[in-house]
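Enquirer: Sharing a structure here in structure tokens format.
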Amino acid sequence: MKKVINQKVILTALIVGLFASVAFIFIQPLFGMLTLTSRHAAAYVKLGEYDASTALLLSWLVHMSVSVFYALLSTIIFNINRTWLVNITQVFALGWITTLTATPANEFVVKLITSLQFPDLSTLSALNTEIGPKLWLHIMFFGVVIAGVWLMNKNEISKSE
């Protein structure tokens, strides 16, 4: 059995995750939402008394870190099974899971960063079960990730031939 995580997998996830994280922020307003990074930065300034530059940098760092983690997860799944059925299933499944958890997860991060303490989980919003713009945006994000992973792997295969 081949190794699931290696240097190539990590590099692919890093490149694709960073690209997809930027795409997410640029596409988010098309779904009628303020960007995640601007909302987090505003909360860091208001609740944590961070200066605006530090808050914006921190919000991007958090967003990109989460995106790279999601890209790593997708890249691992892709390398285990590259069939279109698995790829499409993971785009929709991970899109749904991240939509469910996005609101409480974002609240958790904001409270953690602004108070420097782990927040009580009972203070967080419920899971988001709404089928709407957040779901479509998350599905789009994972679609971009899988397309990027596929392209990088296709490019690697053509280089070796």
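Enquirer: Mind checking which residues of segment 50-66 are over 20 Å from L18 (Cα atoms) and either assigned to a loop (DSSP other than H, G, I, E, B) or touching a residue at least 12 places away in the same chain (Cβ under 8 Å) (or both)?
Expert: Residues satisfying the conditions are Y50, D51.
Enquirer: Kindly indicate whether F141 is assigned to a helix (DSSP H, G or I), aromatic (F, W, Y), touching a residue at least 12 places away in the same chain (Cβ under 8 Å) and surrounded by fewer than 19 Cβ atoms within 10 Å (Cβ to Cβ).
Expert: Criteria not met by F141.
Enquirer: While we're looking at this one, here's another question. Looking only at segment 7-49, how many residues end up being at negative phi, open to solvent by 60 Å² or more (accessible area, probe 1.4 Å) and not in a helix (DSSP H, G or I)?
Expert: Result for segment 7-49: 1.
Enquirer: Then there's this: If L151 satisfies all but one of (1) open to solvent by 50 Å² or more (accessible area, probe 1.4 Å); (2) within 22 Å of I25 (Cα to Cα); (3) within 18 Å of the chain's Cα centre (by Cα), what's the number of the condition it fails?
Expert: Condition not satisfied by L151: (3).
Enquirer: Residues being within 11 Å of the chain's Cα centre (by Cα) and open to solvent by 60 Å² or more (accessible area, probe 1.4 Å): count how many of those fall in segment 50-65.
Expert: Matching residues across segment 50-65 total 1.
Enquirer: Looking only at segment 87-100, which residues are touching a helix residue (DSSP H, G or I) at 6+ places or on another chain (Cβ under 8 Å) and open to solvent by 40 Å² or more (accessible area, probe 1.4 Å)?
Expert: Correct list: F92, W96.
Enquirer: Modelled with pLDDT of 95 or more and out of contact with any helix residue (DSSP H, G or I) (no Cβ under 7 Å at 6 or more places or on another chain): which single residue out of L36, L18, L61, L56 fits that description?
Expert: The match here is L61.
Enquirer: Additional query: With the condition kept exactly as written, say whether any residue in segment 67-78 is open to solvent by less than 70 Å² (accessible area, probe 1.4 Å), farther than 19 Å from F108 by Cβ, in contact with a Gly (Cβ under 6 Å, 6 or more places away or on another chain) and assigned to a helix (DSSP H, G or I).
Expert: Looking through segment 67-78, at least one residue is open to solvent by less than 70 Å² (accessible area, probe 1.4 Å), farther than 19 Å from F108 by Cβ, in contact with a Gly (Cβ under 6 Å, 6 or more places away or on another chain) and assigned to a helix (DSSP H, G or I).
Enquirer: What is the one condition in (1) over 19 Å from A20 (Cβ atoms); (2) open to solvent by 40 Å² or more (accessible area, probe 1.4 Å) that N128 does not satisfy?
Expert: (2)
The values are calculated or read from the model by the stated rules, or taken from the named source; none is laboratory data. Everything quoted here is computed from the prediction, not taken from an experiment. For neighbour counting, all protein chains shown are included, and Cβ atoms are generated from backbone atoms with ideal geometry for every residue, glycine included. What goes into the accessible areas is simple: the full protein's heavy atoms, side chains included, and nothing from ligands, DNA or RNA. Shrake-Rupley method; radii C 1.70, N 1.55, O 1.52, S 1.80 Å.
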